[in-house]
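This structure is in structure tokens; I'll ask about it shortly.
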Amino acid sequence: MRTQVAIIGAGPSGLLLGQLLTRSGIDNVVLERQTPEYVLGRIRAGVLEQGAVAMLDEAGVGARLHAEGLVHGGIELTWAGERHRVDLNALTGGKNVVVYGQTEVTRDLMDARQASGATSVYEAADVAVDGFDSNRPTVRYRKGGTAHALECDFVAGCDGFHGVCRQSVPTGAIRSYERVYPFGWLGLLSDTPPVSKELIYVSHERGFALCSMRSLKRSRYYLQCSLEDKVEDWSDARFWDELRRRLDPRAVADLVTGPSIEKSIAPLRSFVAEPLRFGRLFLAGDAGHIVPPTGAKGLNLAASDVRYLFDGLVEHYRRGRSVGLDAYSSRALRRIWKAERFSWWMTNLLHRFPENGPFGEKMQLAELDYLFSSKAALTALAENYVGLPY
């Protein structure tokens, strides 16, 4: 089998790239080692920047997002028992974010791909990428016990942090930068109305908390927890009790609890691989970088990677030029590092770091106090939260 672009990974970045390419007449094949049901079963956040929403519109999959997504013009930060609102819309000249679950983004992209007739291969085992340092890369895989070879012009590595694409790069050709945080997020999903119309980020002496949502009837809550904690140690009752301890009195009064649909513990890390291009292999999304979820940048960074890569591929096939592809890594990394900085800053601002002691706690309080006494500081937060320009 032959195609123009082989896309490894059927997450949002791979499917978005595939949809944009298909609509532009550029042939592509998506390979995914898991089943479609497994991919859709991944529980992920979904706070979308306007740039990401515009790309989904461009891909022709924005109808349900606009019908069901929740437009948010602000966020709230709680510290010292009081809530303070950051007016994102006013501080950024009218920009907002949209709450729409990553699972729903993936579902919309899957449906569009199936309707387009573009080729997707799920349960592709033993995927290997060969010859990406030549003009004829080949992706090899097994499906149903049969070996297959997919010849292509380019390979888009959208297969996540543990995927094969980054691991296929020679060790000396890539450099990794990483910060592993000394805590995790315990998340609970419930069919209960959100405690607030906007997200609430909480800095508390017992640890960080976040009140988020998937819809007007489904809520997602998070607690900072120890990496030694086990999900089975946290009953629903224990989770709700601990959340109440960290919330302000008004939020406690408004909180509606219920049985959990899903609970999980996610470790936090900052990670960047440089560069993101190796011959005709390009890394995009979590294959090239990870951010802590505090700044809501993971899915949005994947979208901006796709923006740069898609533009470069269109330029190559329509104009016979390679300027965009040659600049892909440097362009993407400039935006990635700014998002990494913001996510790192938000994480340090709101979480408890035991090793920092009382002095560190005082520094956090001073930072928060300054933030809400300075329009310039709030504007910087808002500009980063709604998303820096592409």
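The values are calculated or read from the model by the stated rules, or taken from the named source; none is laboratory data. The structure displayed is predicted, hence computed values, not measured ones. Glycine also receives a Cβ, built like all others from the backbone with ideal geometry; neighbour counts cover every protein chain displayed.
Any idea how many residues of segment 344-382 are closer than 21 Å to ARG206 by Cα and hydrophobic (A, V, I, L, M, F, W, C)? Lay out the reasoning, then the answer.
Of all residues in segment 344-382, those closer than 21 Å to ARG206 by Cα come to 344-369.
Still in the running and hydrophobic (A, V, I, L, M, F, W, C): 344-346, 349-350, 353, 359, 363, 365-366, 368.
Residues flagged as closer than 21 Å to ARG206 by Cα and hydrophobic (A, V, I, L, M, F, W, C) within segment 344-382 amount to 11.
Moving on. Of the residues in segment 132-169, how many are assigned to a loop (DSSP other than H, G, I, E, B), in contact (Cβ under 8 Å) with a residue 40 or more places away in the chain and farther than 19 Å from HIS289 by Cβ?
Kept after step one, since they are assigned to a loop (DSSP other than H, G, I, E, B), are these residues of segment 132-169: 132-137, 144-145, 152-153, 158-163, 168-169.
Of the ones still in play, those that are also in contact (Cβ under 8 Å) with a residue 40 or more places away in the chain are 132-135, 137, 152-153, 158-161, 163, 168-169.
With farther than 19 Å from HIS289 by Cβ added as a condition, the list becomes 132-135, 137, 152-153.
Total meeting the criteria: 7.
Follow-up question, since we're still on this one. Name the residues in segment 170-188 that are of a type outside the set (Phe, Trp, Tyr), within 19 Å of ASP286 (Cα to Cα) and assigned to a strand (DSSP E or B), would you? Show your work before the answer.
To start, the set of residues in segment 170-188 that are of a type outside the set (Phe, Trp, Tyr) comprises 170-176, 178-180, 182, 184, 186-188.
With within 19 Å of ASP286 (Cα to Cα) added as a condition, the list becomes 170-171, 173-176, 178-180, 184.
Of everything in segment 170-188, those that are of a type outside the set (Phe, Trp, Tyr), within 19 Å of ASP286 (Cα to Cα) and assigned to a strand (DSSP E or B) turn out to be ARG175, SER176, GLU178, ARG179, VAL180, GLY184.
Quick check on segment 60-119: of everything there that is small (Gly, Ala, Ser) and touching a strand residue (DSSP E or B) at 6+ places or on another chain (Cβ under 6 Å), which residue is surrounded by the fewest Cβ atoms within 10 Å (Cβ to Cβ)? Steps first, please.
First, the residues of segment 60-119 that are small (Gly, Ala, Ser): 60, 62-63, 67, 69, 73-74, 80-81, 90, 93-94, 101, 112, 115-118.
Those left that are additionally touching a strand residue (DSSP E or B) at 6+ places or on another chain (Cβ under 6 Å): 69, 74.
On the way: GLY69: 21, GLY74: 18.
Looking at residues that are small (Gly, Ala, Ser) and touching a strand residue (DSSP E or B) at 6+ places or on another chain (Cβ under 6 Å), I get GLY74.
As an exercise: evaluate TYR385 against (1) touching a Gly at 6+ places or on another chain (Cβ under 9 Å); (2) of a type outside the set (Asp, Glu); (3) farther than 27 Å from GLY207 by Cα and give the number of the one condition it does not meet.
Condition not satisfied by TYR385: (3).
Of the numbered conditions (1) within 18 Å of the chain's Cα centre (by Cα); (2) at pLDDT 95 or above; (3) among the hydrophobic types (A, V, I, L, M, F, W, C), LEU313 fails exactly one; give the number of that condition.
Result: LEU313 fails condition (1) only.
Another one. Does VAL231 qualify as being modelled with pLDDT of 95 or more and assigned by TED's automatic domain parsing to the domain that holds LEU199? Steps first, answer last, please.
Working: modelled with pLDDT of 95 or more: yes; assigned by TED's automatic domain parsing to the domain that holds LEU199: yes.
Considered against the rule, which asks whether it is modelled with pLDDT of 95 or more and assigned by TED's automatic domain parsing to the domain that holds LEU199, VAL231 comes out as yes.
From the residues in segment 346-367 that are within 20 Å of the chain's Cα centre (by Cα) and either in a loop (DSSP other than H, G, I, E, B) or without any contact (Cβ under 8 Å) to a residue 24 or more places away in the chain (or both), which one is farthest from SER270 (Cα to Cα)?
Once the filter is applied, the top-ranked residue is HIS351.
Would you be able to say whether some residue in segment 271-282 is crowded, with 23+ Cβ neighbours inside 10 Å, closer than 18 Å to TYR177 by Cβ and in contact (Cβ under 8 Å) with a residue 60 or more places away in the chain?
The answer is no, given that none of the residues of segment 271-282 is crowded, with 23+ Cβ neighbours inside 10 Å, closer than 18 Å to TYR177 by Cβ and in contact (Cβ under 8 Å) with a residue 60 or more places away in the chain.
Just one of (1) under 26 Å from ARG179 (Cα atoms); (2) in contact with a Ser or Thr (Cβ under 6 Å, 6 or more places away or on another chain) trips up ASP286, so point out which.
Failed condition: (2).
For the condition surrounded by 22 or more Cβ atoms within 10 Å (Cβ to Cβ), in contact with a strand residue (DSSP E or B) (Cβ under 8 Å, 6 or more places away or on another chain) and either of a type in the set (A, V, I, L, M) or without any contact (Cβ under 8 Å) to a residue 12 or more places away in the chain (or both), what is the one hit in LEU325, LEU299?
LEU299
I've got another one for you. Please determine whether any residue of segment 136-143 is surrounded by 17 or more Cβ atoms within 10 Å (Cβ to Cβ), within 20 Å of the chain's Cα centre (by Cα) and outside the structural domain of ARG220 (by TED's automatic domain parsing). I'd like the intermediate steps shown before the answer.
Filtering segment 136-143 for residues surrounded by 17 or more Cβ atoms within 10 Å (Cβ to Cβ) gives 137-139, 141.
Going one step further and asking which of them are within 20 Å of the chain's Cα centre (by Cα), we end up with none.
So far as segment 136-143 goes, no, none of its residues is surrounded by 17 or more Cβ atoms within 10 Å (Cβ to Cβ), within 20 Å of the chain's Cα centre (by Cα) and outside the structural domain of ARG220 (by TED's automatic domain parsing).
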